[in-house]
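Taking it in order: structure first as structure tokens, then the write-up.
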Amino acid sequence: MLRRLYDWVLHWADTPQGEPALAALSFAESSFFPVPPDVLQIALTLGRPARWARHAAISTVASVLGGLAGYALGHGLWQALETPFYLYVPGFTPERFGLVRDYYGRYDAWVVFIAAFTPIPYKVFTIAGGVCRIDLGAFLVASAVGRGARFFLVGAVLRRWGAPARAFIERHFNWLTVAFVVLLLGGFLVLRWLAP
């Protein structure tokens, strides 16, 4: 089923509705849809490399708005939606959700940034952010920075290296984003350690 969804998402790249589909996909993936918007962003950018920044901006803005919708679901409707989400949304389990709540208790908005940038299911963290009632301003900033960094990085790499970059990104995306986050967090720890 996931492969059929993946192919369905990719078919939008060959239609005039590619950019609206990218916005809709980016919004939906932030709260319930299982296919990441990178798939369509990559296809659109390879088709029109000059629009790489436009595609990245569409993905970023729509994804942050979708994250806000996920936050609102968690904040206001979690009691009613809890069971359907566990049953029908991929990546959503009571155990995983409990772990996310623990992370919020310890790391607050840093968790949102990491989920927004990496392949970790961002939707789980947007809804959990609302359930845990983390500061909305911090949530939005972390989402915008994390999602923007992810989508603009993908777009810039595609603009520079084209189709070979697509193959490399698709093959190693998870490891690349994990390595970036490890380096980023390591940098913050070093700065904190060096601070007087």
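We did not get these values from a lab; they are worked out from the coordinates using the rules stated. Everything numeric in this text was worked out from a predicted model, so none of it was measured. Cβ atoms come from the backbone with ideal geometry, glycine included; neighbour counts cover every protein chain shown.
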- Per-pair calculated FRET efficiency, R0 = 22 Å: HIS172 and LEU46 via Cβ, rounded to 0.05: 0.80
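Tally Lys/Arg at +1 and Asp/Glu at -1 over every other residue whose Cβ is under 13 Å from the Cβ of ARG48; what's the total?
Net of charged neighbours comes to +1.
Report the full-extension gain for the segment ALA72 to LEU99: residue separation times 0.36 nm, less the Cα-Cα distance, to one decimal in nm.
Between ALA72 and LEU99, full extension yields 7.7 nm more.
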- Note on the structure: Two pseudo-spin positions, 7 Å from Cα along C-beta at ALA80 and at TRP8, lie apart in nanometres by 2.5 nm
- Taking 7 Å along the Cα-to-C-beta vector as the label spot, tell me the LEU87-GLN17 distance in nanometres, rounded to one decimal. 2.9 nm
